[in-house]
1. State whether one or more residues within segment 98-111 are buried (at least 18 other Cβ atoms within 10 Å of the Cβ) and over 26 Å from the mean Cα position of the chain (by Cα).
2. I'd like to verify a number: residues in segment 317-336 that are touching a Leu at 6+ places or on another chain (Cβ under 6 Å) and away from the ligand (no atom under 16 Å from the Cβ), how many?
3. Which of the residues that make up segment 418-431 are buried (at least 24 other Cβ atoms within 10 Å of the Cβ) and over 14 Å from ARG390 (Cβ atoms)?
4. Are there any pairs with C-beta distances below 8 angstrom linking a residue in segment 447-464 that is more than 23 Å from LEU546 (Cβ to Cβ) to a residue that is among the hydroxyl-bearing types (Ser, Thr, Tyr), with the two at least 6 apart or on different chains, and if so which?
5. Are any of the residues in segment 172-183 closer than 21 Å to GLY143 by Cα and without any contact (Cβ under 8 Å) to a residue 60 or more places away in the chain?
6. Read through the list (1) touching a helix residue (DSSP H, G or I) at 6+ places or on another chain (Cβ under 8 Å); (2) under 28 Å from LEU525 (Cα atoms); (3) buried (at least 20 other Cβ atoms within 10 Å of the Cβ), then give the number of the only condition that GLU284 fails.
7. Against the condition free of Cβ contacts under 8 Å to residues at least 40 places away in the same chain and hydroxyl-bearing (Ser, Thr, Tyr), how does TYR187 come out, does it pass?
8. In segment 316-337, is there at least one residue being farther than 26 Å from GLU200 by Cβ, out of contact with any strand residue (DSSP E or B) (no Cβ under 9 Å at 6 or more places or on another chain) and surrounded by fewer than 18 Cβ atoms within 10 Å (Cβ to Cβ)?
Amino acid sequence: MRAPSAGRRSFAVVLSVISVAAAAAPAAAQDPILGFTEQSAEHQRAYEQGFQKGVSPQVIGRTSRALSRTPQLIATPGVRRAFEYSVERLRSYGLDVSTPSYGVYASRPEDVRVTMTAPYTRRLANKEDGFPWQRDFDDVVVGYNAYSPSGDVSGEVVYANYGLPEDYEALEELGVDVRGKIVLVRYGGSFRGVKAQQAELRGAKGVLIYSDPEDDGFTRGAVYPDGPWRPADGIQRGSIQYIFNYPGDPLTPGVPSVPGTRRIAPDDADNLPRIPTTPISYGEAEPLLEHLGGPAAPESFQGGLPVDYNVGPGGTKVRLDLDIAYEQLPVRNVVAEIRGTTKPEEKVVLGAHYDGWTYGTSDNTSGWTTIMEVGRSLGRLLDRGWRPERTIVLTGWDGEEYGLLGSTEWVEQFQRDLARNAVAYANLDGAGGSSFGAAGVPQVDDALIEVTKAVADPRTGRPVYDTWRGDDEAPEFDRLGSGSDYTAFLDHVGVPSFEAGFTAPASSGTYHSAYDDTFNMEHYLDPGYLGHAGSARVNGVAVLRLANADVLPFRYTDYATAVAGYIEDLQQVQDETPGAAQVDLDILLEAAEAWRAASEALEQRADELLAAGDTESGTAARAIRRINDALMRQERALTTAQGLPERPWFRHQIYAPGLVTGYAVQYLPGMRDAIEQGDEATAREYRDLLLDSLRDARALAERGVR
Ligand SMILES: [Zn+2]
């Protein structure tokens, strides 16, 4: 699901300069590798070379075309075909494949009707026209928002820009109330489920969400099929499940949707939206906006359509008539394992969702195809006797688009094992293109930098690191909010998670529309599948390093430093927000510093042991085991069993999705929301919980070097 960044940054799509560079790593062969002795690094470099050579853009292209030939929406014949194809291919690569499956309460559109009823009657189109090269176009689902309730509502329209809290404040200043109205909002700035909830909270009776051309249409560039941007009939489908409360099956929060699990009543499910909501194209939004009366829209509300944007009400009326069926739908994951030799119980997981809204070539055949290719190359090495030390698990998730269904249920089912044995989770949601980006927990930053220096960008032959940093001295890391399958791993269980790969910012132009297809991928987003190949090499090498490292390449000094920064930011919020709750944060800063110091001592000890080159003798082996144990458990220490205020499923205390953003990350979420709302008791409670966690993390680090 993850929305491509709707930012206004410019970028260059490299279409013509496609030099297929050698797959071999450009870095000098003697470079040390974080977490490896010199001897193990030599073996590792050979393993990685073999792996990188095995990745083929041609095979990736074949896999991608096969998987995105027809639409792959949850519980359709298309997704079943993609599932069977994936299982068959991965088995043919010599991997051990299982298919953990669930029955999840989910929606299916029976009939979606939006009609403009004033100033004249006009039925709005709810599907794209299609092109001759699109197969089985009848199987493309109509434009709809998963988990919208059914409903038949009519009335006046109010245009609320992105539907953010500040947009409603601007409307209030104009004297416009959305109570009893149908709110028209545009995509961007927040997760669409947040848009539905914000409208619901303000008493609106229905929501229409459209894609303004300024954000991802003709204002940005040539539209499909002449370019990658959104044409007038392109509709962004998408779930409006309140995943910021909890993702997954609405009826089984915290437990897997397997037979025998008790389901709660839909009325009690806090992640279900309550007012009918549906998406439309800008071609269909234009007449609505054109006739809308009321005050002129503020500057920030102006979009790219050639009309005078007014906010209403008046002029335009609509009827929104949604018939949405609810039933238990099958969700089938694909899980392929390569069993580790010396530490088989420890797991490094690399996953991507394989379901899609339509053809899904970018979202997310690109991610899943990339992982299938990692599996193919690792499988070839397996044949030649190369095995990892820890177990590598490759996972294809089903039902991500509806609310991270497959990954959430799987993590909930295996959370005890994951809490004990998961080393890390790497996610891929969108893996083609010529830009590179990474987001994740801070202790992995250094390892990811090393990996991108060891892998060549297939387009340039230079290290991926150079593509990543561009003209900057160093690349920038993002931290994880929500909107993709790392959510349950990181936020529910505390498994260190990251995403690193090539992306195509222009993929936002066809995002969740019928035009996210092979044509778009091969012409505009990732010609030659070179970005896919680069993503496969980066992720494969990263996973191999995590699986084979003598000492896990985690730098918790970086985490502690980042947390200290978040605490300082929070101090500023406390100082500058009128009405903010006031709690003492200095003890937190001290605890973060103590954790950093303990981590530094642990890292030094680890580096000494690795430099000595001995991992086998009794004392060295025991020391390394203790260090790894400490490194495995520190992220878990940052979670709290009671969860965040009002959303106990979210247990991570450093990162969570923002309540009014949905995708973007909120730092120190338990305290931050409470401080901003002036709730001193809760702020203090969560300050103390975080204090405990920071002390636990420090104690783990100290025990690691004792
Ligand atoms: Zn996705």
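What follows is calculated from the coordinates using simple rules that are stated; it is not laboratory data. Note that the coordinates shown come from a computational prediction; the quantities given were computed from them, not determined experimentally. Reconstructed Cβ throughout: ideal geometry from the backbone, glycine too, with neighbour counts over all protein chains shown.
1. Checked against the condition, which is being buried (at least 18 other Cβ atoms within 10 Å of the Cβ) and over 26 Å from the mean Cα position of the chain (by Cα), segment 98-111 yields no hits at all.
2. 1
3. Within segment 418-431, ASN427, LEU428, ASP429, GLY430, ALA431 qualify.
4. That search, which allows pairs on different chains as well, returns ARG459/SER19; ARG459/SER434; ARG459/THR467; THR460/SER19; THR460/THR467; GLY461/SER19.
5. Yes, segment 172-183 has at least one match.
6. (1)
7. No; evaluated as a whole, the condition is false for this residue.
8. Checking segment 316-337: not a single residue is farther than 26 Å from GLU200 by Cβ, out of contact with any strand residue (DSSP E or B) (no Cβ under 9 Å at 6 or more places or on another chain) and surrounded by fewer than 18 Cβ atoms within 10 Å (Cβ to Cβ).
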